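One structure is given below, encoded as structure tokens.
Quick note: the coordinates plus some simple rules give every number you see, no bench work behind them. Every value quoted in this text rests on a predicted model; they were computed, and no experiment measured them. Ideal geometry is used to build each Cβ from the backbone, glycine not excepted, and the neighbour counts take in all protein chains shown.
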Ligand SMILES: [Zn+2]
């Protein structure tokens with residue numbers, strides 16, 4: 001009996017030793033619940049920003065490196081684009097729309113605030129003008145992407161119930177709630193990464209910008225954010 005037990009123990013030990021530790025780690029990860037995060041990026045453009053570009057005082061209002069990263073790594077993301085940004089960068093929007101992992105959404109035409117005050121943004125006052133801002137942008141984006149955007153986000157996230165009803169009447173879903181990454185005018189990539197990684201929860205919509213001078217560190221932060229959230233068993237999805 002003693003000898004038989006010993007043989008069994010040895011057999012079990014050999015099996016355990018033969019299982020690579022990485023397999024055990026993967027199994028453990030698979031058992032943990034998968035969580036979802038929605039990476040979203042705003043592509044703003046105001047008449048003031050366009051003027052700076054035309055006068056060559058600014059070379060770009062987005063980060064090519066950030067876009068390349070999302071495309072090359074096939075990272076599911078939703079990009080809220082202003083109509084004016086799409087008019088300035090039509091080839092970029094066409095190129096992005098070739099990637100099924102990335103969806104384009106509506107961020108008004110010229111990034112005017114719908115609610116006053118809104119961080120010093122010019123404000124659209126009438127319902128008629130608000131509807132025009134949205135419809136004009138839908139048309140521009142559809143002509144470049146081949147589909148009508150489903151989602152809408154307010155400039156500066158400034159909204160009210162009346163405007164929400166207006167947007168929904170136009171058939172759009174509103175994405176205004178979420179985790180603000182604090183990437184606007186922030187050069188500290190460690191701080192942005194920390195804000196996201198510490199604040200994220202299952203189902204979080206993470207609000208960022210598409211880089212450029214108004215969001216100078218997000219192109220670096222995003223790579224860290226993706227690595228850290230994947231390690232916490234997050235998967236990324238587009239708003240759809
Ligand atoms: Zn914006």
Filter result (part of a strand (DSSP E or B), away from the ligand (no atom under 16 Å from the Cβ) and in contact with a helix residue (DSSP H, G or I) (Cβ under 7 Å, 6 or more places away or on another chain)) within region 75-107: 102
Filtered residues of region 113-130 (kept if within 16 Å of the ligand (Cβ to nearest atom) and not in a loop (DSSP other than H, G, I, E, B)): 113, 123, 130
Failed condition for residue 110, given (1) within 16 Å of the ligand (Cβ to nearest atom); (2) without any contact (Cβ under 8 Å) to a residue 60 or more places away in the chain; (3) out of contact with any strand residue (DSSP E or B) (no Cβ under 9 Å at 6 or more places or on another chain): (2)
Candidate set: region 38-54, residues that are within 14 Å of the ligand (Cβ to nearest atom) and out of contact with any helix residue (DSSP H, G or I) (no Cβ under 6 Å at 6 or more places or on another chain); chosen: the one nearest to residue 78 (Cα to Cα): 40
Members of region 139-171 that are away from the ligand (no atom under 16 Å from the Cβ), touching a helix residue (DSSP H, G or I) at 6+ places or on another chain (Cβ under 7 Å) and not in a helix (DSSP H, G or I): 148, 170
Number of positions in region 175-192 that are under 19 Å from residue 81 (Cα atoms) and either assigned to a loop (DSSP other than H, G, I, E, B) or away from the ligand (no atom under 14 Å from the Cβ) (or both): 10
Given (1) touching a helix residue (DSSP H, G or I) at 6+ places or on another chain (Cβ under 6 Å); (2) closer than 23 Å to residue 220 by Cα, index of the condition residue 72 fails: (1)
Boolean, residue 179 is in contact (Cβ under 8 Å) with a residue 12 or more places away in the chain, surrounded by fewer than 19 Cβ atoms within 10 Å (Cβ to Cβ), over 27 Å from residue 57 (Cβ atoms) and touching a helix residue (DSSP H, G or I) at 6+ places or on another chain (Cβ under 8 Å): no
Failed criterion for residue 70 (all others in (1) more than 21 Å from residue 229 (Cβ to Cβ); (2) more than 13 Å from the ligand (Cβ to nearest atom); (3) crowded, with 19+ Cβ neighbours inside 10 Å hold): (1)
Count - residues of region 193-229 that are within 16 Å of the ligand (Cβ to nearest atom), over 23 Å from residue 33 (Cβ atoms) and buried (at least 19 other Cβ atoms within 10 Å of the Cβ): 8
The one condition in (1) in a loop (DSSP other than H, G, I, E, B); (2) surrounded by 21 or more Cβ atoms within 10 Å (Cβ to Cβ) that residue 57 fails to fulfil: (2)
